[in-house]
Amino acid sequence: QSGQKSIKSFFQKR
Amino acid sequence: LEARLEQANLLKKVVDAIKDLVQDCNFDCNDSGIALQAMDNSHVALVSMMLKAESFSPFRCDRNIALGINLSSLMKVLRCAQNEDILTLKADDAPDVVNLVFESSESDRLSEYDIKLMDIDQEHLGIPETEYSATISMPAAEFQRICRDLIALSESVAIEATKEGVKFSCSGDIGNGAVTLRSHTNVEKPELNVDIALSEPVALTFSLKYLVNFCKASGLSGTVKLCLSSEVPLLVEYTLASNSYLRFYLAPKIGD
């Protein structure tokens, strides 16, 4: 999927 | 842990709504309630569920425990409950199993099931507090309808919120489609209200496959809330009784 971001690039690992 | 839910149906609907998105997850229990956070396999979407202690009566959790449960196993057991049954969840301090008891309020039937627990090493993500540019509250069934309609044409939808309203548009091989909703107050039927709170216009593109999946939660609440800001995940929230909630976060698609 082109351009699909990962949710991990927005939310920091705790 | 000992937590009694007036209606087994609530947990049944929650698990049914998320089981296609996430398979194995930890139910984190502490004195404030039962929480779950899990990403889908492709790390595009995140599910965050909170069943507050007040949603149960009584609720008792003496020690923080994580119940690692396979959702398809949990669903098999929850299907054994009648919708109106009272459900009690029980687990020891260092549990191997979670115990589910279903009681019929109308008959003297009492069903008991144990589900084996799993050790799940799950990444936990911190979700920052966000002041969203646009917050749209609308009938859950309407949102479901729009997503199902548009996925017939395209795999992505652009959601654009302006002071004119909110526009869901897509383009695919056979052509284009768009649905626009404006703020709308129906005094007779407030469940049909569409409310758009906007601090600045925002437009983002999302994969419809995930949105259609989130809409499986439509039976949990008459209303769904969509929160958008530029270049952050979309929040799709179904509010449950007693401040409990089921939230889905979806990472946007960003063109190059």
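Between the amide H of B:S230 and those of B:S133, distances stay under 5 Å, these residues lying 5 or more places away or on another chain, with hydrogens modeled in the peptide plane. The aspartates and glutamates within cross-link reach of A:K8, meaning a Cα-to-Cα straight distance under 17 Å and a gap of 8 or more places when in the same chain, are B:D40, B:D121, B:E123, B:E129, B:E231.
Taking trypsin sites (Lys or Arg not before Pro) across region B:51-90, the ones in a DSSP loop with at most 13 further Cβ atoms lying within 10 angstrom of their Cβ are B:R63, B:R79.
Quick check: residue separation of B:D24 and B:E200 times 0.36 nm, minus the Cα distance between them. What number comes out in nm? Present the calculation step by step, with values, prior to reporting the outcome.
Values: separation 176, 0.36 × 176 = 63.36 nm, distance 3.83 nm.
Result: 59.5 nm gained on full extension.
The share of C-alpha pairs in the protein assembly as shown whose separation exceeds 34 Å stands at 23 percent. The 3J(HN,Hα) values that the Karplus relation (6.51, -1.76, 1.60; θ = phi - 60°) gives for region B:68-75 are, in residue order, x, 10, 7, 5, 6, 5, 4, 5 Hz. Gly and Pro appear as x.
Remark: region B:217-224, residue by residue, has Karplus-estimated 3J(HN,Hα) of 8, 4, x, 7, 7, x, 10, 10 Hz, where x stands for each Gly or Pro and the curve is 6.51 cos²θ - 1.76 cosθ + 1.60 at θ = phi - 60°.
Once the Cα-Cα distance is subtracted from the 0.36 nm per residue extended length, the B:H184 to B:E142 segment shows a gain of 13.8 nm.
Per DSSP H run of at least 4 residues, take -39500 (n - 2.57); add these up for the protein assembly as shown, divide by its residues and hand me the 222 nm value, nearest 500 deg cm²/dmol.
On the way: 4 runs with 38 residues, N = 270.
Taken over the protein assembly as shown, the calculation gives -4000 deg cm²/dmol.
For chain B, the longest principal axis of the alpha carbon atoms and the long axis of helix B:8-18 meet at an angle near 50°. Computed over chain B, relative contact order equals 20 percent, with contacts defined as Cα pairs under 8 Å that lie 6+ residues apart.
Taking other residues whose beta carbon is less than 12 angstrom from the beta carbon of B:A178, and scoring Lys, Arg as +1 and Asp, Glu as -1, yields -1.
Over all distinct Cα pairs, what is the inverse of the mean 1/r for region B:111-256, reported as the Kirkwood hydrodynamic radius in Å?
Details: mean 1/r = 0.0604 Å⁻¹.
Taking every pair of different Cα atoms in region B:111-256, averaging 1/r and inverting gives 16.6 Å.
Tell me, in nm to one decimal, what length is gained between B:K163 and B:N64 on full extension, where the rule is 0.36 nm per residue of separation less the Cα-Cα distance? All intermediate terms of the calculation are to be shown ahead of the outcome.
Numbers: separation 99, 0.36 × 99 = 35.64 nm, distance 4.56 nm.
Taking B:K163 through B:N64 to full extension adds about 31.1 nm, to one decimal.
Any idea what log10 I(q)/I(0) is at q = 0.13, 0.16, 0.17, 0.20 Å⁻¹ for region B:1-118, Debye with uniform C-alpha scatterers and no solvent? For region B:1-118, the Cα-only Debye profile gives -0.47, -0.72, -0.81, -1.14. Inter-label distance, B:E129 to B:S32: 1.2 nm, where each label sits 7 Å from its Cα along the C-beta direction. Three principal axis extents describe the C-alpha atoms of region B:67-156; from largest down they are 48, 36, 27 Å. In order along region B:206-213, the phi-based Karplus estimate (6.51 cos²θ - 1.76 cosθ + 1.60, θ = phi - 60°) of 3J(HN,Hα) comes to 9, 6, 5, 3, 6, 4, 4, 5 Hz; Gly and Pro are listed as x.
Sorted by mean Cβ packing within 10 Å, highest first, what order do the peptides B:123-132, B:244-253 take?
Numbers: B:123-132: 12.4, B:244-253: 22.5.
Those peptides, ordered most packed to least, come out B:244-253, B:123-132.
Tell me, what is the percent relative contact order of region B:154-256, built from C-alpha pairs under 8 Å that lie six or more residues apart? Walk me through the numbers on the way to the answer.
Numbers: 180 pairs, mean separation 22.3, N = 103.
Relative contact order of region B:154-256: 22 percent.
Each other residue within a Cβ distance under 11 Å of B:S55 adds +1 if Lys or Arg and -1 if Asp or Glu, for a net charge of 0. List residues of region B:6-38, by number, whose backbone nitrogen lies under 13 Å from a label position 7 Å along Cα→C-beta of B:S57. Within reach of a label on B:S57, which here means backbone N under 13 Å from a point 7 Å along Cα→Cβ, region B:6-38 contributes B:6-7.
Show me the trypsin sites (Lys or Arg not before Pro) within region B:163-205 that DSSP assigns to loop and that have at most 15 other Cβ atoms within 10 Å of their Cβ. Spell out each step's value before the answer.
Details: sites: B:K163, B:K167, B:R182; in loops: B:K163, B:R182.
Passing sites in region B:163-205 are B:K163, B:R182.
Between B:K209 and B:R79, what FRET efficiency comes out of the Förster formula 1/(1 + (r/R0)^6) with R0 = 30 Å and r the beta carbon distance, rounded to 0.05?
On the way: r = 25 Å, r/R0 = 0.85.
Efficiency, from the Cβ-Cβ distance: 0.75.
Where a number appears in this text, it was derived from the coordinates with a stated rule and is not lab data. As the structure is a computational prediction, the values presented were derived from the model and not from experiment. Backbone-built Cβ (ideal geometry, glycine too); neighbour counts: all protein chains shown.
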